[in-house]
Amino acid sequence: MRTAYSVETVRAAERELMARLPEGALMSRAAAGLAAVCAELLARRRGRVYGARVVLLAGPGDNGGDALYAGARLARRGAGVTAVPMDPARIHPGGLAALRAAGGRVAESVPARADLVLDGLVGIGGRGGLRPAAAALAERIPAGALVVAVDLPSGVDADTGEVAGPAVSADVTVTFGAYKPGLLIDPGASRAGAVRLVPLGLDLPAPAELEALQHADVARLLPVPTASSDKYRRGVVGVVAGSQEYPGAAVLAVAGALRGGAGAVRYVGPAADAVLARYPEVLVGRGRVQAWVVGPGLGSGRAAEVERALADRDVPVLVDADGLRGLDPAVVRARRAATLLTPHAGEAAALLGVARDAVEAGRLAAVRELAGRYGATALLKGSTTLVASGGAVRANPTGTPWLATAGSGDVLSGLAGSLLAGGLDGTDAGSVAAYLHGLAGRTAAAGAPVPAHELAEALPAAWRSVGS
């Protein structure tokens, strides 16, 4: 599992470690790791480091120093290294001396050509987008150059992933000591490119501020039947979805539920004919279930369906789409079993009483606020799906923009509800479902548009892939 820590936590760990190390040792470790990644990238791109044109965009802080020391190492391997300081009067003196001693040079403007550009303009403490001087240098990054960000792309908020102004878009980010939340949450994640971690030996606390599941984590959490399992022991998930206007939502939610590991799916709603025509194995009508999914395609005027599901306080309930309208926090907080809310940004904005833009600009804060206000697990859908329940937030690392299509969220709801019925808690059910959903989206899309029913059909392959 990838774990990410706030700037304050990382800096505290760095201070504690630096107190036990010789002066400059920590920066030397970071620079060595950064230079090694750059050398590897240059070797892939050009076949060798010797003769490569490397440009260092050097800010006045430690990030600038890391870039300069890494540049010195590359210069000693024969690269032509040019440093362009954001503020010549404040350039890191030790890094500058090392670069010059290795044969590097300093220039006032960004060269027109480069094989690799190191972005060392702003460190992890930067807020609010790039200032004019830094933005001017970033705008002059040569076309075609491989951009490597030092710790995180300049202009990205390390704690939230927010981008409040001009920012660097990197091909690769080399981060030090620990992942930062802003590298795993969009829009910052989209600016980071491939993220490489250079360990520094930091003593970091548990739990982290942010987590991201990997294949092994998902494989460990997936419910697997035993020899003594029957369909009831595996769990029955009830799906309350669909309407005369949106019968397809019921079909898609059931499609996701059938592929989520539960032993049986029970459907309640007006789209039974459409559901049975596609999936004859589905049970129709109310009965005992181990979890409910309520909301996809319900339409207006069916609030009683949501109230009925939530009234059974001992059965886990997933609430999505139309089921989220007018949701009462007091009712949700009074429940004993898990409640999983799965809004997109617009629905989250309505639940929080804020503008959609506010949710989009501060997704991490929004998902935490939702979880806290409703006393539930909140899954905020989007380019980076986030899952929060009061502890570490989970950021989903899988997916594709092709998942932004009608019905995709209905499949996700059914899948997550089935995992709830199989015994996973709200956090695990939401984050495992998002992970598999994203994998299935990549497989089904393969670089082209994909309808939601094909996404559901790709879920078994995604499930198998995490255990292979």
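The values are calculated or read from the model by the stated rules, or taken from the named source; none is laboratory data. Bear in mind that the values here come from a model prediction, so they are computed numbers and not experimental data. For neighbour counting, all protein chains shown are included, and Cβ atoms are generated from backbone atoms with ideal geometry for every residue, glycine included. Surface accessibility is based on the protein's heavy atoms, side chains included, excluding ligands, DNA and RNA. Shrake-Rupley method; radii C 1.70, N 1.55, O 1.52, S 1.80 Å.
Near the amide H of residue 149, within less than 5 Å, lie the amide hydrogens of 119, 171, 172, 173, 174, all on another chain or at least 5 residues away, with H placed in the peptide plane. With both residues required to sit in the chain, DSSP beta bridges show an antiparallel share near 15%. Using the Cα gyration tensor of region 204-270, with a ≥ b ≥ c the square roots of its eigenvalues, what is the shape: rounded (a/c below 1.5), prolate (a/b larger than b/c) or oblate (neither)? Oblate, because a/c is 1.5 or more while a/b does not exceed b/c. Note on region 1-108: with charges restricted to the Cβ of Lys and Arg (+1) and Asp and Glu (-1), its dipole about the Cα centre is near 620 debye. Each peptide in 292-301, 351-360, 82-91 gets a packing score, the mean of other Cβ atoms within 10 Å over its residues, and the list from highest to lowest is 292-301, 82-91, 351-360.
Give the label of the value calculated from the structure for Kirkwood radius over Cα pairs in Å, choosing from (1) 33.5; (2) 23.7; (3) 22.9. Label of the calculated value: (2). Classified by the C-alpha gyration tensor, region 347-444 has an oblate form. Its axis ratio a/c, with a ≥ b ≥ c, is 1.5 or above, and a/b does not exceed b/c. Helical runs assigned H by DSSP (4 residues or longer) give the chain a calculated mean residue ellipticity at 222 nm of -12000 deg cm²/dmol, each run adding -39500 (n - 2.57) before division by the residue total. Evaluated with a Cβ-only charge set (Lys, Arg +1; Asp, Glu -1), the chain carries a dipole of roughly 1040 debye about its Cα centre, given to the nearest 20.
The order of the peptides 112-118, 145-151 by mean Cβ neighbours within 10 Å, most packed first, is 145-151, 112-118. Using a cutoff of 8 angstrom between alpha carbon atoms and counting only pairs six or more residues apart, the relative contact order for the chain works out to 12 percent.
In this Cβ point-charge picture (+1 for Lys and Arg, -1 for Asp and Glu), region 113-257 has a dipole of about 260 debye about its Cα centre. In the neighborhood of residue 123, defined by Cβ-to-Cβ distances under 15 Å, what is the net charge if each Lys or Arg adds +1 and each Asp or Glu adds -1? Local net charge: -3. Annotation: average projected area of region 40-85 is 2.9 square nanometres, based on the convex hull of Cα atoms across all directions. Sites listed here are trypsin sites (Lys or Arg not before Pro) in region 249-291 whose DSSP assignment is loop and whose Cβ has at most 14 other Cβ atoms within 10 Å: 286, 288. For GluC sites (Glu not before Pro), the sites in region 71-171 that DSSP calls loop and that have at most 15 other Cβ atoms within 10 Å are 108.
Helices meeting the span-like rule in the chain (full DSSP H runs, Cα extent of at least 15 Å along the helix axis, mean Kyte-Doolittle score of -1.0 or higher): 7-18, 25-46, 62-76, 247-258, 363-374, 408-421, 426-445.
Taking a ≥ b ≥ c as the square roots of the eigenvalues of the alpha carbon gyration tensor, region 275-347 is oblate, as a/c is not under 1.5 and a/b does not beat b/c. Counting only DSSP beta bridges with both residues in region 1-146, the antiparallel share comes to about 0 percent. A simple spin-label model places pseudo-atoms 7 Å from Cα toward Cβ; at residue 425 and residue 164 they are separated by 3.4 nm. With all protein chains kept in place, the per residue accessible area of the chain amounts to 40 square angstrom at a probe of 1.4 angstrom. For an R0 of 25 angstrom, estimate the FRET efficiency from the Cβ-Cβ distance between residue 358 and residue 1 and round to the nearest 0.05. The calculated FRET efficiency here is 0.25.
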